[in-house]
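K.L.:
Following this message is one structure expressed as structure tokens.
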Amino acid sequence: MNTDHLKYFVLVADSLNITNTAKELFISQQALSNHINNLEDRLGVKLFERNPNLSLTYAGKRVYRLVRQILDTEEQM
């Protein structure tokens, strides 16, 4: 797992909008969706509910808190 997947996950979770987040990152919406799907596959959990609006699942909320800690620690290093 690379930190890009984690960073992208946090950005999408913060905005709850893949299209806008992809624009901010200067990548395609499909590429960002692939990052999220790869992370979900790797963790074996669904992180987002996608219908009707994007929202975090229970597992997504738990993973979000952990990922924020990981990224904060990385930034401190």
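K.L.:
Among the residues of the range 1-32, write down those that are among the small types (Gly, Ala, Ser) and either surrounded by fewer than 17 Cβ atoms within 10 Å (Cβ to Cβ) or more than 9 Å from the chain's Cα centre (by Cα) (or both).
P.N.:
Within the range 1-32, Ser15, Ala22, Ser28, Ala31 meet the criteria.
Per-residue answers, yes or no, for (1) exposed (fewer than 11 other Cβ atoms within 10 Å of the Cβ); (2) modelled with pLDDT of 95 or more; (3) of a type in the set (Val, Ile, Thr):
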site: His35; (1), (2), (3): no, no, no
site: Gly44; (1), (2), (3): yes, yes, no
site: Phe48; (1), (2), (3): no, yes, no
site: Asn51; (1), (2), (3): yes, no, no
site: Leu56; (1), (2), (3): no, yes, no
site: Gly60; (1), (2), (3): no, yes, no
site: Val63; (1), (2), (3): no, yes, yes
site: Glu74; (1), (2), (3): no, no, no
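K.L.:
Next up: Between a residue in the range 10-26 that is over 18 Å from Lys46 (Cα atoms) and any residue that is of a type in the set (Ser, Thr, Tyr), which pairs come within a Cβ distance under 6 Å, given they are 6 or more apart or on different chains?
P.N.:
Within 6 Å, the pairs are Thr21/Ser15.
The values are calculated or read from the model by the stated rules, or taken from the named source; none is laboratory data. Here the structure is a predicted model, which is why all the values come from computation and not from measurement. Backbone-built Cβ (ideal geometry, glycine too); neighbour counts: all protein chains shown.
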